[in-house]
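The values are calculated or read from the model by the stated rules, or taken from the named source; none is laboratory data. Here the structure is a predicted model, which means the values were calculated and not measured. Here Cβ is always computed from backbone atoms with ideal geometry, including for glycine, and neighbour counts include all displayed protein chains. We work out accessible area using only protein heavy atoms, side chains counted, and drop any ligands, DNA or RNA first. Shrake-Rupley method; radii C 1.70, N 1.55, O 1.52, S 1.80 Å.
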Amino acid sequence: MSIVDVLALYSIFAIWGLMFLNIMLSIGGFLYIMRMYRTDGHKAIPEYPMVTVMVPAHNESIVIQKTMEALIKLDYPRDKYEIIVVNDNSTDNSSEVLKQIQHDNPESRIIVINTDNIVGGKGKSNALNIALSVASGTVIAIYDADNTPERQALKILVENLMSDDKLGAVIGKFRTRNKYASLLTRFVNIETLAYQCMNQAGRFFFFKLCTIPGTNYVIRRELIDQMGGWDVNALAEDTEISFRLYRMGYYIKFIPHAVTWEQEPQILKQWFKQRTRWVKGNLYVLKSNFKYAFDPEAGRMRLDVIYYALVYLLMFTSLVFSDLIFVMGILGFWYVTLGGFSSLLWEMAILLFVLNVAITLSVEKNEFNFSNLLLTFVMLFTYAKLWVLVVLNGMIQGVQDRLFNKEVIWDKTERFEEDGGKRKEKKTGNTKK
């Protein structure tokens, strides 16, 4: 057996193994979400705690108006929540926009903190720590500056958090509000549903594990204080704080009823930049926590460490090898002697990929249709292939950052004016009836 055959077998078994894992998570996620949708997501609690909603913002004047309108209209006792916006070293007119919002809504407790390049401008984690220093809530809620949560989102998240003392945080679901803006955003919409929301649901169903996303979540204030705030060196501050919660003995719950809608990158350049930042942040967390994969006292968090290792090591290398074999085979340099066996396995893998996504789309209104199934097939050979380049770029940039001791700064996603004429989807977190 040649080295090319060995690499081909490695790629086949690795990809099939990971695909089997994703399908199992999708099935578990499907069962969990269907079970959850038999309720309205609410929990009875004796009293609502004071909540501080924190919004880190850097040059967000294009989207901050919609976000603030949604936050002000949240169905939560008005005297029990405040909104703190950290307008962090912005160079646009965010300050004027936020000042006008404060003026127009005197009945809402809105605090705006404007920072300069000395105190601020050092990334999302630093902005959150600034907001935390003046927050009065015993529960902290985080929303990104492009988010428009549904009215019940905060109440559902808080009720579930306060109903279980073992919960350190509760996360909701996020959807793509500009999914019809471009082909890219339609791909992102499918990816978000299949490999973020459904994946979270499946991991919680089987292992009581969830990773905090960067938005639409609540966390106990006392736990953040015990941690000393957010890690300013972490680009993926959400993943990093999840692992610290695990180590403190708490778990994180996913509630699909708590929905927020967010703006996704509409052009490839911005998407690539955003996903590279995610990769760098997640690799930082993986490196910091990899030792716990072999620590029996680490409990369930070992599974998440292993999961991240599988995604960023096993999946990455198997895709690199399989693509390399394909290209070199087309050029006539490499030959795989496995013949029809190899081809059959790849063809079956394609069908399983589409099936996996179909399971996810089936629980969402207006998503399970021929158009999205066709897009799923197309994205396997286009959008999904870009992931390898993103991971490679993230690895290279991560090494460069360490070598040159690069300071963490805001590396935000560019926002776009949204076309009111685009197709609108009814905003609901419910499953199909």
Residues of the stretch 26-41 satisfying the condition of being in contact (Cβ under 8 Å) with a residue 24 or more places away in the chain and either acidic (Asp, Glu) or in a helix (DSSP H, G or I) (or both): SER26, ILE27, GLY28, GLY29, PHE30, LEU31, TYR32, ILE33, MET34, MET36, ASP40
Any residue at all in the stretch 135-142 that's surrounded by fewer than 23 Cβ atoms within 10 Å (Cβ to Cβ) and out of contact with any Ser or Thr (no Cβ under 9 Å at 6 or more places or on another chain)? no
How many residues does the stretch 384-410 contain that are assigned to a loop (DSSP other than H, G, I, E, B) and farther than 19 Å from LEU314 by Cα? 7
Would you check which residues across the stretch 394-405 are modelled with pLDDT under 80 and either within 30 Å of ILE64 (Cα to Cα) or open to solvent by less than 90 Å² (accessible area, probe 1.4 Å) (or both) and list them? none
Which residue pairs have Cβ atoms under 8 Å apart, sit 6 or more places apart or on different chains, and have a first residue in the stretch 99-124 that is open to solvent by 90 Å² or more (accessible area, probe 1.4 Å) and a second that is of a type in the set (A, V, I, L, M)? LYS99/VAL112; ARG109/ILE83
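Output yes when any residue across the stretch 178-187 is closer than 30 Å to ALA44 by Cα, open to solvent by 20 Å² or more (accessible area, probe 1.4 Å) and part of a helix (DSSP H, G or I), and no when none is.
Taking every residue of the stretch 178-187 in turn, none turns out to be closer than 30 Å to ALA44 by Cα, open to solvent by 20 Å² or more (accessible area, probe 1.4 Å) and part of a helix (DSSP H, G or I).
Conditions (1) assigned to a helix (DSSP H, G or I); (2) touching a strand residue (DSSP E or B) at 6+ places or on another chain (Cβ under 9 Å); (3) surrounded by fewer than 21 Cβ atoms within 10 Å (Cβ to Cβ), marked per residue:
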| position | (1), (2), (3) |
| --- | --- |
| LYS173 | no, yes, no |
| GLN196 | yes, yes, yes |
| ALA201 | yes, yes, no |
| PRO213 | no, yes, no |
Restricting the first residue to the stretch 53-75 and requiring it to be among the charged types (D, E, K, R), which pairs with a second residue that is outside any loop (DSSP other than H, G, I, E, B) and buried (at least 19 other Cβ atoms within 10 Å of the Cβ) meet a Cβ separation below 7 Å and a spacing of at least six or different chains? GLU60/SER94; LYS66/THR148; ASP75/LYS155
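For residues in the stretch 84-98 being assigned to a loop (DSSP other than H, G, I, E, B) and not charged (D, E, K, R), which is most open to solvent (accessible area, probe 1.4 Å)?
Initially, the stretch 84-98 is screened for residues assigned to a loop (DSSP other than H, G, I, E, B), giving 89-93.
When the remaining residues are screened for being not charged (D, E, K, R), the result is 89-91, 93.
On the way: ASN89: 45, SER90: 31, THR91: 120, ASN93: 76 Å².
The extreme case among them is THR91.
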From the list MET68, MET19, which one is at pLDDT 95 or above, surrounded by 16 or more Cβ atoms within 10 Å (Cβ to Cβ) and touching a helix residue (DSSP H, G or I) at 6+ places or on another chain (Cβ under 6 Å)? MET68
